[in-house]
Every structure is written in structure tokens, then in C-alpha cells.
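Data first, discussion second: the structure below is written as C-alpha cells.
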Amino acid sequence: MYRLREWNRGDSDRLLEAFAWRELAWQETEVPRTPDEAMEWIDRRAVLTKEEIHGFAVVDGLDKVLGHVQISVTSRRHELGWLSFWTHPAEQGRGVATAGARLASRFAFDELGLFRVEAGHRIDNPGSCVALGRAGLLPEGIERAKLLYGTSRYDTASHARLVTDPEEWTPEGPCKY
């Protein structure tokens, strides 16, 4: 139903729509606001791959961009990666984040040779917690005041999935914070 693919220049309008959503824009450091900036953002994905940051568009069967998922290799020595994702605001609640996180984790294990994929979310974002749990990333704890957005600090919940973990997931997610 959902799959990952590289971003392409034809995705620029969809990218701008997503970043027009304030909730997404205030959490990102690189926010495209014009068609030219959207093209630069898309072109930069190929450059980031050389830095072991692998970003993909999450698309449906019609190749429509529904969101973004990214695996950043954080330690080759320890075989660790960091998973991040966002979903286009019009597509939320359809399992896009779950599918993206699951597919990106599989890419990290199978293609990048990682052993552990880590992720985190603000405590006040239960949707991300459910998506991560459904994608097989188990909760590991709370990190106090980890994130700074604007002038506010946010506690985060940390999650991880090991290559040895089963593919099974919990429909309700692991959110018990």
C-alpha cells in the first residue's frame, strides 16, 4: 500500500503544502517556503546521502507524497541509526508514519547494516508514540527537557528497534507515559 522512494522535483508543491503547516515548520531547521527553496530541499536529499542521511518520500499506490521518513547513521562502529519522520497534514491518521517508520527501519537493517534504530517524540505528541509502537520501536524511557523549540523545552520519549526484534507490532502502541 505504501512505499518509499527518493524525492523528485515534481514533489515540490506537495512539500510546500506540508511545510505550510505550522506544527511541522516550527520543529524543522530547514523550512522551504518558496518553489525554489522546495527544489533546493529536494536536491539536498541526494547530497545528504553522502553524509549517511537517507531521506525518502512515503508515497501511496498513485505515487502521491504522503510524508517523509529519514534514517541517519549516527554510529557505524555501534551500528546505530536515528529515525525521524513527518506526515503531510492532510494524510494524518492513515498509518503513513507507521508504514514509513517500518519501511525505513527495514532499510536501515537490510541496506545499511545497522543493528539498532532509535527514535524519539515529544511527550505531548501521542500520535508519534502510537506510530513508533506500531512500527515495532519499543519505548525505552523519558529524556527530560531534551528538545528546544522557540523558547520552550520539551520532554521526549525514546524508542528503539533492534534488528533481532520481531516484525510484530502492537495495535494500541506502547504509549504508557
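The values are calculated or read from the model by the stated rules, or taken from the named source; none is laboratory data. Predicted model only: the values in this text are computed from it and were never measured. Here the Cβ positions follow ideal geometry from the backbone for every residue, glycine too, while neighbour counts run over all protein chains shown. Heads up: the accessible areas ignore ligands, DNA and RNA and are worked out on the full protein's heavy atoms, side chains in. Shrake-Rupley method; radii C 1.70, N 1.55, O 1.52, S 1.80 Å.
Limited to region 62-74, what total is found for residues that are open to solvent by 20 Å² or more (accessible area, probe 1.4 Å) and either out of contact with any Ser or Thr (no Cβ under 9 Å at 6 or more places or on another chain) or touching a residue at least 60 places away in the same chain (Cβ under 8 Å) (or both)?
5
How many residues does region 126-159 hold that are in contact with a helix residue (DSSP H, G or I) (Cβ under 9 Å, 6 or more places away or on another chain) and part of a loop (DSSP other than H, G, I, E, B)?
Final tally of qualifying residues: 3.
Are any residues in region 132-166 basic (Lys, Arg) and open to solvent by less than 60 Å² (accessible area, probe 1.4 Å), and if so, which ones?
Selection gives ARG161 alone.
Please tell me if GLU30 is more than 15 Å from HIS88 (Cα to Cα), exposed (fewer than 12 other Cβ atoms within 10 Å of the Cβ) and of a type in the set (Asp, Glu).
For GLU30, the condition - more than 15 Å from HIS88 (Cα to Cα), exposed (fewer than 12 other Cβ atoms within 10 Å of the Cβ) and of a type in the set (Asp, Glu) - is met.
Please tell me if GLY81 is within 27 Å of VAL59 (Cα to Cα), free of Cβ contacts under 8 Å to residues at least 60 places away in the same chain and open to solvent by less than 20 Å² (accessible area, probe 1.4 Å).
yes
How many residues does region 8-25 contain that are at pLDDT 95 or above, closer than 12 Å to TRP86 by Cβ and of a type in the set (Gly, Ala, Ser)?
So the count comes out to 1.
I'm trying to understand the selection: among the residues of region 98-125, which are of a type outside the set (Asp, Glu) and in a strand (DSSP E or B)?
ARG116, VAL117, ALA119, GLY120, HIS121, ARG122
Here are ALA97, ALA38, ALA46: which of them is touching a residue at least 24 places away in the same chain (Cβ under 8 Å), buried (at least 16 other Cβ atoms within 10 Å of the Cβ), within 21 Å of LEU114 (Cα to Cα) and not charged (D, E, K, R)?
After ruling out the rest, the residue left standing is ALA97.
Among the residues of region 10-38, which ones are of a type in the set (D, E, K, R), assigned to a loop (DSSP other than H, G, I, E, B) and closer than 19 Å to HIS121 by Cα?
GLU28, GLU30
Checking the structure you have, find out if any residue of region 8-24 is touching a His at 6+ places or on another chain (Cβ under 6 Å) and open to solvent by less than 20 Å² (accessible area, probe 1.4 Å).
Yes, the conditions are met somewhere in region 8-24.
Regarding region 118-129, can at least one residue be identified that is farther than 22 Å from VAL65 by Cα, open to solvent by 80 Å² or more (accessible area, probe 1.4 Å) and of a type in the set (A, V, I, L, M)?
No, every residue in region 118-129 fails to be farther than 22 Å from VAL65 by Cα, open to solvent by 80 Å² or more (accessible area, probe 1.4 Å) and of a type in the set (A, V, I, L, M).
Kindly check whether there is at least one residue in region 63-79 that is farther than 23 Å from THR29 by Cβ and in contact with a helix residue (DSSP H, G or I) (Cβ under 8 Å, 6 or more places away or on another chain).
Yes, that holds for at least one residue.
Return the residues of region 100-117 that are surrounded by 22 or more Cβ atoms within 10 Å (Cβ to Cβ), out of contact with any Asp or Glu (no Cβ under 7 Å at 6 or more places or on another chain) and farther than 25 Å from GLU17 by Cβ; say none if nothing qualifies.
SER105, ALA108, VAL117, listed by residue number.
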